Amino acid sequence: EMCARWHQLGAFYPFSRNHNIIGALDQDPGSWGTDSLVARVARDAIKVKYSLLPYIYSQFFNSYNQGGTVARPLWHEFPTDEQALGVDNQFLLGPAVLISPILEEGAIRRTVYLPPGDDTIWYDAITGEKKSGLIEVESDLQNPSHTTPLHIRGGYILPIQDPETKNTVQQRATRALSLLVYLDSKSEARGNLYLDDGESDNFNLYSQFDFQAAPGVMELETVMNNYDDAQNWRIDFIRINGVQDPVGKVEINGEATNLFNYYPDMQILDILPQNLAITEASIITWQPDQP
């Protein structure tokens, strides 16, 4: 149980490994068997982390250029929130991804603090439900559908990847990304993406992209494009959380597309762009369904 829980936590550290010493009992996930509970739990947590790698990698770029940290306590983002100051069992990756691991022996539930604010909305990373304040979450090791409790802060756009196909530089041949948009109470969000070859130490060979969302529109802009292979990267899926009104029309760069779905119960808009190059400036708009 302890090893499984620590993998659910440690997978989300910017640098993490299962550390051991000579002469100690084996504790890597596979030592219990590839189909064991520990192996399954560790695998699931690591897959979630791998899906977030484009976002996390971009946070290292932001930290290098702007200062600040990649992993940070709640009070870094909410410095006037006295309750956030005392939270030492949750942490953020960048400004947007909140990790709330279960650390108590035998526990399957815990209380999570989601700092409120004028524009702040929190989304359950799995269900997309909006949350705020003190809530209770469940993560049962015996339930294969449960993993580390994660919440996403509204107002941010996360670039993610398929964890099954891009775990190493050599496996990035698909060059496809998804954008997860989490609107705040003003229906706004922002984010960025940093791309390089993952190998060279030439810090000038990179590309940077900014994303901005406002009511009914999202813009993708190229800020820097010195990494030649960036032109081959595509966005193949966009999910916009927090779209309150039913959507009847979507346009990509002024052209209407029928490849979208709106889920009114969850207030989620899914868009499937066709061959949308990340290096091309793009504008995506959505309009309410006409009565």
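The values are calculated or read from the model by the stated rules, or taken from the named source; none is laboratory data. Note that the coordinates shown come from a computational prediction; the quantities given were computed from them, not determined experimentally. Because the Cβ atoms are built from the backbone with ideal geometry, glycine has one as well, and the counts that use them run over all protein chains shown. For the accessible areas, the whole protein counts, side chains as well, though only heavy atoms, and no ligand, DNA or RNA atoms are used. Shrake-Rupley method; radii C 1.70, N 1.55, O 1.52, S 1.80 Å.
Structure above, values below:
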{"item": "Residue list for segment 89-121, filter: under 24 Å from Thr147 (Cβ atoms), more than 21 Å from the chain's Cα centre (by Cα) and either of a type outside the set (Ser, Thr, Tyr) or part of a loop (DSSP other than H, G, I, E, B) (or both)", "result": "Leu103, Glu104, Glu105, Gly106, Ala107, Ile108, Arg109, Arg110"}
{"item": "Spans of strands (runs of 3 or more DSSP E) in segment 240-291 with at least 1 residues farther than 20 Å from Ala176 by Cβ and without any contact (Cβ under 8 Å) to a residue 60 or more places away in the chain", "result": "247-252, 255-257, 260-263, 282-288"}
{"item": "Residue that is nearest to Gly242 (Cα to Cα), among those in segment 136-155 that are open to solvent by 60 Å² or more (accessible area, probe 1.4 Å) and in a strand (DSSP E or B)", "result": "Glu136"}
{"item": "Filtered residues of segment 111-130 (kept if surrounded by 19 or more Cβ atoms within 10 Å (Cβ to Cβ) and not β-branched (Val, Ile, Thr))", "result": "Tyr113, Leu114, Pro115, Trp122, Tyr123, Ala125"}
{"item": "Residues (in contact with a Ser or Thr (Cβ under 9 Å, 6 or more places away or on another chain), in a helix (DSSP H, G or I) and in contact (Cβ under 8 Å) with a residue 60 or more places away in the chain) located in segment 6-39", "result": "Gln8, Leu9"}
{"item": "Selection within segment 220-241 - in contact with a Leu (Cβ under 7 Å, 6 or more places away or on another chain) and open to solvent by less than 30 Å² (accessible area, probe 1.4 Å)", "result": "Tyr227, Ala230, Trp233, Ile235, Ile238, Ile240, Asn241"}
{"item": "Selected residue [closer than 21 Å to Asp270 by Cα and either touching a strand residue (DSSP E or B) at 6+ places or on another chain (Cβ under 8 Å) or touching a residue at least 60 places away in the same chain (Cβ under 8 Å) (or both)] from Gln161, Gln231, Gln142", "result": "Gln161"}
{"item": "Residues within segment 41-85 that are touching a residue at least 24 places away in the same chain (Cβ under 8 Å), open to solvent by 50 Å² or more (accessible area, probe 1.4 Å) and under 20 Å from Ala11 (Cα atoms), tallied", "result": "6"}
{"item": "Residues of segment 173-219 that turn out to be open to solvent by 40 Å² or more (accessible area, probe 1.4 Å), within 27 Å of Asn241 (Cα to Cα) and either in contact with a His (Cβ under 7 Å, 6 or more places away or on another chain) or not hydroxyl-bearing (Ser, Thr, Tyr) (or both), as a count", "result": "8"}
{"item": "Condition met for Ala11 (more than 19 Å from Asn89 (Cβ to Cβ) and not polar (S, T, N, Q))", "result": "no"}
{"item": "Criterion (out of contact with any Leu (no Cβ under 8 Å at 6 or more places or on another chain) and farther than 25 Å from Ala71 by Cα) met by exactly one of Ser36, Ser16", "result": "Ser36"}
{"item": "Selected residue (criterion: surrounded by the most Cβ atoms within 10 Å (Cβ to Cβ)) from residues of segment 263-282 that are closer than 15 Å to Gly128 by Cα and within 21 Å of the chain's Cα centre (by Cα)", "result": "Leu269"}
{"item": "Selected residue (criterion: modelled with the lowest pLDDT) from residues of segment 1-20 that are surrounded by fewer than 20 Cβ atoms within 10 Å (Cβ to Cβ) and in contact with a strand residue (DSSP E or B) (Cβ under 9 Å, 6 or more places away or on another chain)", "result": "Pro14"}
{"item": "Options Gly133, Gly94; residue that is under 18 Å from Tyr182 (Cα atoms) and either touching a Ser or Thr at 6+ places or on another chain (Cβ under 6 Å) or loosely packed, with under 13 Cβ neighbours inside 10 Å (or both)", "result": "Gly133"}
